[in-house]
Amino acid sequence: MNQYIPVLLLFLVSGGVAIAMLGIAEFLGPKDPRDKFREKMEPFECGENQIASPQQRFSIRFYLIALMFIIFDIEAVFLFPWSVIFQELGLFGFVEMMVFIIVLGVGLAYVWKKGALEWE
Amino acid sequence: MNSMTGDLLETVVKIAFVIGLNLGFFAPMLGWVERKQSAVMQDRIGANRAGVFGFTFIGLLHSAADAIKLIFKEDFIPRGADRMMHTLAPVIAVVPALAAFAVIPFGGKFELAGHNVNLVIADLDVGLLFVFAIASIATYGAVIAGWASNNNWSMLGGLRSAAQMFSYEVTMGLTIIGLVMYYQSLSLVVIAEKQVDFWHWGIIYQWPAFILFLTCAIAENKRIPFDVPEAESELVAGYFTEYSGMKFIMFWTAEFIEVVTISALCVTMFFGAYHLPFISPDMLVSIFGGGDFGAIVAMLIGIGVFVAKICALIFLQMAIRWTLPRFRYDQVMALGWKIILPASLIWIFLTGLAILLGLMPTV
């Protein structure tokens with residue numbers, strides 16, 4: 001556990017650096033009252049008024065990517081500990097993991113065939 | 001108690017060194033390299049305007065001028081934006097970029113005045129996993145920035161970066177499995193130590209992993225040719241369209257530090273970390289007369305070699321950035337899922353087969 005204290009320290013220092021950067025800008029930068037220039041505070045839309053709010057529903061594709069991420073990230077999580085002790089496991093471990101990878105490979109092929117990887 | 005104070009002091013010095021190296025040297029230098037190298041590659045004169053009394057130092061002062069200018073800029077938050085999230089996003093981008101350096105060894109282990117100095121902030125057994133875990137936090141920075149800005153361009157950029165970074169995070173993890181099988185460790189300190197011998201450098205047997213990993217890492221960092229989340233010609237500036245002044249420069253700092261992190265990871269895993277080819281740190285210590293003096297000189301040489309290798313890989317990344325055009329979004333996703341993912345699975349299979357058949361002598 002002791003070895004994680006430096007990590008925590010580094011996190012605190014980097015957080016401090018980031019907050020200091022924000023603080024400098026807050027302290028030194030000009031501050032206009034928010035109502036002074038109403039037009040300026042508009043979100044950038046190439047000079048037009050915003051007609052569609054960005055906070056609305058969007059394509060299902062992005063959810064599909066998120067689902068695939070979970071499946072294949074778990075595969076990666078299983079592979080990491082296996083790869084460290086791979087040489088101790090020898091041939092048995094190798095065949096075992098290749099079966100696992102082939103099963104997931106079939107999954108990838110199915111997703112591919114279904115067109116989930118296509119963007120139109 | 002006394003040794004604990006010593007350890008704490010050592011850690012503080014190392015953290016100060018790493019933060020200073022990144023923010024004080026690499027981040028401003030990369031701002032300059034990006035301009036000057038693009039100028040050289042495109043046969044332009046490039047950055048040469050900012051100067052003091054007529055001395056321009058080949059454009060080196062531009063970064064300083066930028067920093068001073070951006071400090072004094074207004075912190076702009078558009079109407080309807082989530083003010084707290086808008087402020088939090090650049091912090092989430094910068095902190096993981098800096099924190100990923102915790103597990104990267106930058107100079108080796110030495111005995112100095114009876115005290116063992118290990119030049120890494122935290123010698124974790126799961127170093128590589130730590131880096132990947134930290135790198136995935138950076139995704140939130142881009143996504144939150146895109147969502148909180150109340151801007152359509154930002155939203156599109158944020159969505160694109162979410163899908164792209166998720167996809168390449170998976171593949172980046174898989175590309176490195178072959179290397180882990182070769183070195184049998186997830187600790188970057190152990191991997192670095194195993195490369196004392198030049199013939200054990202990762203690049204020799206694991207060069208396909210290097211190509212795949214570098215591609216994924218550049219995509220994960222959203223740089224050209226994979227910069228679809230910020231694509232200037234389509235999305236204005238993508239997820240940081242609505243950022244100005246210091247917050248804007250925080251996103252850029254994060255991106256530059258990630259370039260350094262990628263280079264440092266590649267150096268540690270594939271290019272012999274802080275080792276010179278054919279000369280081990282022990283030999284260096286004895287060449288310089290052994291003892292504390294020898295250890296200090298060897299340590300400085302180790303750090304110097306590490307930084308020089310990082311600079312070489314930064315040069316490579318910048319050359320890629322100024323050579324290739326941006327890919328279309330579907331091409332980016334197809335490359336990740338249809339080429340790199342199967343290729344890295346095949347590479348895992350080939351590495352395993354080669355090790356079992358004794359074709360790849362392991363360390």
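The table below lists the values:
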{"quantity": "Of all residues in the range B:327-363 being more than 7 Å from chain A (Cβ to nearest Cβ) and not in a helix (DSSP H, G or I), the one that is nearest to A:M98 (Cα to Cα)", "calculated": "B:L357"}
{"quantity": "Failed criterion for A:M97 (all others in (1) within 22 Å of B:F248 (Cα to Cα); (2) at the interface with chain B (Cβ under 8 Å from one of its Cβ atoms) hold)", "calculated": "(1)"}
{"quantity": "Search result, residues across the range A:42-58 that are within 17 Å of B:R160 (Cβ to Cβ) and either of a type in the set (K, R) or more than 8 Å from every other protein chain (Cβ to nearest Cβ) (or both)", "calculated": "A:Q56, A:R57"}
{"quantity": "Residue under evaluation A:F92, criteria (1) in contact with a helix residue (DSSP H, G or I) (Cβ under 7 Å, 6 or more places away or on another chain); (2) closer than 30 Å to B:V363 by Cα; (3) of a type in the set (F, W, Y), criterion not met", "calculated": "(1)"}
{"quantity": "Only one of B:V196, B:V189, B:V236 that is within 19 Å of the chain's Cα centre (by Cα), more than 30 Å from A:L104 (Cα to Cα) and surrounded by fewer than 24 Cβ atoms within 10 Å (Cβ to Cβ)", "calculated": "B:V189"}
{"quantity": "Residue within the range B:292-315 that is acidic (D, E) and away from chain A (no Cβ under 14 Å) present", "calculated": "yes"}
{"quantity": "Count of the range A:1-18 residues which are at the interface with another protein chain (Cβ under 7 Å from one of its Cβ atoms) and either outside any helix (DSSP H, G or I) or of a type in the set (A, V, I, L, M, F, W, C) (or both)", "calculated": "8"}
{"quantity": "Output for the range A:72-94, where each listed residue is facing chain B (nearest Cβ under 9 Å) and in contact (Cβ under 8 Å) with a residue 12 or more places away in the chain", "calculated": "A:F72, A:E75, A:L79, A:W82"}
{"quantity": "The listed residue being within 12 Å of chain A (Cβ to nearest Cβ), touching a helix residue (DSSP H, G or I) at 6+ places or on another chain (Cβ under 8 Å) and not β-branched (V, I, T), out of B:A148, B:A135", "calculated": "B:A148"}
{"quantity": "Selection from the range A:95-118 of residues that are in contact with a helix residue (DSSP H, G or I) (Cβ under 7 Å, 6 or more places away or on another chain) and β-branched (V, I, T)", "calculated": "A:I101, A:V111"}
{"quantity": "Hits in the range A:103-115 (condition: within 9 Å of chain B (Cβ to nearest Cβ) and either outside any helix (DSSP H, G or I) or of a type in the set (V, I, T) (or both))", "calculated": "A:V111"}
{"quantity": "Every residue from the range A:79-99 that is surrounded by 14 or more Cβ atoms within 10 Å (Cβ to Cβ) and either hydroxyl-bearing (S, T, Y) or within 18 Å of B:T175 (Cβ to Cβ) (or both)", "calculated": "A:L79, A:F80, A:W82, A:S83, A:V84, A:F86, A:M97, A:M98"}
{"quantity": "Residue within the range B:207-226 that is aromatic (F, W, Y), within 13 Å of chain A (Cβ to nearest Cβ) and in contact (Cβ under 8 Å) with a residue 60 or more places away in the chain present", "calculated": "no"}
{"quantity": "Check on B:W322, more than 14 Å from chain A (Cβ to nearest Cβ), among the aromatic types (F, W, Y) and in contact (Cβ under 8 Å) with a residue 24 or more places away in the chain", "calculated": "yes"}
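A short reminder: the numbers here are calculations on the coordinates, not readings from a lab. Note that this is a predicted model, so its numbers are computed, not measured. Using ideal geometry, Cβ is built from the backbone for each residue, glycine included, and neighbour counts are taken over all protein chains shown.
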